[in-house]
Amino acid sequence: MNASPADQRRLLDIADLDARIRQAEATRKNPPQAARVNELLTRRQELSLELSTRLGARDDLRAELARIESDVAVVDARRARDTERLAATSNVKEAQGYESELASLARRKSDLEDAELEVMERLEEADAAVAEQEALIAETNKLGAELSAEGKRVVAEASAALESATRDRAAISATVPPDLVALYERLATRSAGAALLRRGTCEGCHMVLAGTDLQAVRQAAEDAVVTCPECGCILVRTEESGL
Ligand SMILES: [Zn+2]
């Protein structure tokens, strides 16, 4: 096929726009933030699971504390009743009975108070553990929201880039003979389509052309369409080609 050097050079612009279109499409479909957002979603699930465990532990301690407090109330009521009865009785044996029960109730109360203190300490730790986990989740949510917003911005930018590159490509390809564009498009399905030959190297596949191949390119007519013997793309010759 023959085409003017100027038309052949326009293929480089088309190839460049096609590369930009492909990149914009890839970014739009899968912005770099998407993977990280998914990681954060998984992380949040793990953190939430751990939060449930910690909330459960805290609820257990709260229930335990409530049980102890109700036991203390029972002991207090019992002591009040025994104290009252002790004051009212004139029976020595009965009085001894109340005194001994009051002593055992005092021991029981002291034990309960020790247990209460211990559970309160553990409850304080459990509250801190819950707060710590909630803070981690809030941080993860914040990061996720930021990344999502960034991802949306990147997708919007890629869409705009895609639109403008598509428009430019249509404008440029309208100025190039259709059969040349068709050849480029056919070759572009398995190579760069068209690439600059720079200092004897194909910029489509980055291979240095062998001496005989370079000689053949050198001898080709100016308007001949030559292709790279390595990758098959159209080799566009300019003053940079080193011919
Ligand atoms: Zn090549």
- Can you list which of the GluC sites (Glu not before Pro) found in segment 196-243 are DSSP loop residues with at most 14 other C-beta atoms within 10 Å? Glu222, Glu239, Glu240
- Enter the accessible area of Glu84 (Å², nearest 10), with the probe set to 1.4 Å and all protein chains included. 140
- Message: Less than 16 Å apart at the alpha-carbon level, and either on another chain or at least 8 residues along: which aspartates and glutamates does that give for Lys152?
- Response: Glu25
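Normalising by the residue count of segment 27-162, find the relative contact order in percent from Cα pairs under 8 Å and 6+ residues apart. Present the calculation step by step, with values, prior to reporting the outcome.
Details: 80 pairs, mean separation 73.4, N = 136.
Reported as a whole number, the value is 54 percent.
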- Scan the chain and report its longest stretch carrying no trypsin sites (Lys or Arg not before Pro) that are both in a DSSP loop and have at most 16 other Cβ atoms within 10 Å. 1-189
- Amide H to amide H under 5 Å from Val226: which residues, 5+ apart in sequence or cross-chain, H placed 1.01 Å off N in plane? Leu235
- Which of the cysteines in the chain are isolated, no other cysteine C-beta under 4.7 Å? Cys233
- Note on the structure: Between the Cα axis of helix 33-88 and the main Cα principal axis of the chain, the angle (0 to 90°, nearest 10) is 0
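Just from its helices, what would the mean residue ellipticity at 222 nm be for the chain, if runs of 4 or more DSSP H residues each count -39500 (n - 2.57) and the sum is divided by every residue, rounded to the nearest 500 deg cm²/dmol?
Details: 5 runs with 183 residues, N = 243.
Rounded to the nearest 500, it is -27500 deg cm²/dmol.
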- Query: Using the beta-carbon distance between Asp127 and Arg81 and R0 = 30 Å, what value does 1/(1 + (r/R0)^6) give for FRET efficiency, to the nearest 0.05?
  - Reply: 0.25
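How much of the DSSP bridge set in the chain is antiparallel, in percent, rounded to the nearest 5? Walk me through the intermediate numbers first.
Details: 6 of 10 bridges.
Within the chain, antiparallel bridges account for around 60 percent of the total.
Leaving out ligands, DNA and RNA, and with a 1.4 Å probe, what % of the accessible surface on segment 159-243 is carbon or sulfur?
That share works out to 52 percent.
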- Taking H placed 1.01 Å from N in the peptide plane, check which residues at least 5 places from Ala194 or on another chain put their amide H under 5 Å from its amide H. Ile234
- Task: Would you kindly find the accessible area of Ser191, with a 1.4 Å probe and non-protein molecules such as ligands, DNA and RNA excluded, rounding to the nearest 10 Å²?
- Result: 30
- Which aspartates and glutamates have a Cα lying under 15 Å from the Cα of Lys93, excluding residues fewer than 8 positions away in the same chain? Asp82, Glu101
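The values are calculated or read from the model by the stated rules, or taken from the named source; none is laboratory data. This is a predicted model, so every value here is computed, not measured. Every residue, glycine among them, receives a Cβ derived from its backbone with ideal geometry; neighbour counts consider all protein chains shown. Calculation scope for accessible area: heavy atoms of the full protein, side chains included, ligands and nucleic acids excluded. Shrake-Rupley method; radii C 1.70, N 1.55, O 1.52, S 1.80 Å.
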